[in-house]
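The values are calculated or read from the model by the stated rules, or taken from the named source; none is laboratory data. What you are looking at is a predicted structure, and each value in this text was computed from that prediction instead of being measured. Here the Cβ is made from the backbone with ideal geometry for all residues, glycine too, and neighbour counts use every protein chain on show. Ligands, DNA and RNA are excluded from the accessible area calculation, which covers all protein heavy atoms including side chains. Shrake-Rupley method; radii C 1.70, N 1.55, O 1.52, S 1.80 Å.
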Amino acid sequence: MTGPAHLYYADRTCFRSTSAPPARRLTPLDEAAFRSLQAACPRGEWEPKEFALEPDHTHGAFDPVGELLAVANFRVWGERIAHLSVITRPDARGKGHGTSAVASVALHALRSGYLLQYRVLASNAPSIRIARKLGFQYYGWSMAARFGAA
């Protein structure tokens, strides 16, 4: 996935949580659900985000029977910035699960003292809606490019 990417930031002054379906921090006991979500998502969407089941940095939204519908995580950049990523099962998109997962992991990162960063391709309108709904402020843009192995 390449193209212009929007950069959004949030801190305690502008972040708004959500009452969307609740999400929670993932644990090693969620490994099977995590792998099931990974298998349900297109590789081209999953791989660039480098998701891993890291209990301190990975949160997820589940359906009532325990299926993991969305996962969000953060990577620390420069000791102060929590760079957030999110992915939702294709058949569960547009129902608030991605927003819930992002809200959960963002609250955790804020409580840990990080500035939140949300970078999204300009063409990804649903993900931009998540950023705006949660109070992220547009900062600027960059160019996203993914190069294959030489």
### Every pair of residues 6+ apart whose Cβ atoms lie under 6 Å, when the first sits in region 83-97 and is more than 17 Å from ARG24 (Cα to Cα) while the second is at pLDDT below 95 and basic (Lys, Arg)
HIS83/ARG75
### Every residue from region 1-18 that is touching a Gly at 6+ places or on another chain (Cβ under 6 Å) and open to solvent by 60 Å² or more (accessible area, probe 1.4 Å)
ARG16
### Query
What number of residues within region 19-63 are open to solvent by 80 Å² or more (accessible area, probe 1.4 Å) and in contact (Cβ under 8 Å) with a residue 60 or more places away in the chain?
3
### Query
Within region 62-100, how many residues are outside any strand (DSSP E or B) and touching a strand residue (DSSP E or B) at 6+ places or on another chain (Cβ under 6 Å)?
7
### Query
Can you find even one residue in region 131-147 that is open to solvent by 40 Å² or more (accessible area, probe 1.4 Å), in contact (Cβ under 8 Å) with a residue 24 or more places away in the chain, in a loop (DSSP other than H, G, I, E, B) and charged (D, E, K, R)?
yes
### Message
If I go through region 95-110 residue by residue, how many of them are in contact with a helix residue (DSSP H, G or I) (Cβ under 7 Å, 6 or more places away or on another chain) and either open to solvent by 10 Å² or more (accessible area, probe 1.4 Å) or closer than 10 Å to LEU69 by Cα (or both)?
### Response
2
### Query
Would you call ALA5 at pLDDT 95 or above and either outside any loop (DSSP other than H, G, I, E, B) or more than 20 Å from LEU116 (Cα to Cα) (or both)?
no
### Residue count, region 23-61 (criterion: assigned to a helix (DSSP H, G or I) and not hydroxyl-bearing (Ser, Thr, Tyr))
19
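Return the only residue of VAL76, VAL105 being of a type outside the set (Lys, Arg) and under 10 Å from the mean Cα position of the chain (by Cα). Walk me through how you get there before you give the answer.
Numbers: VAL76 fails: under 10 Å from the mean Cα position of the chain (by Cα).
The unique qualifying residue is VAL105.
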### Query
What's the number of the condition ARG80 fails, among (1) over 19 Å from HIS6 (Cβ atoms); (2) open to solvent by less than 60 Å² (accessible area, probe 1.4 Å)?
(2)
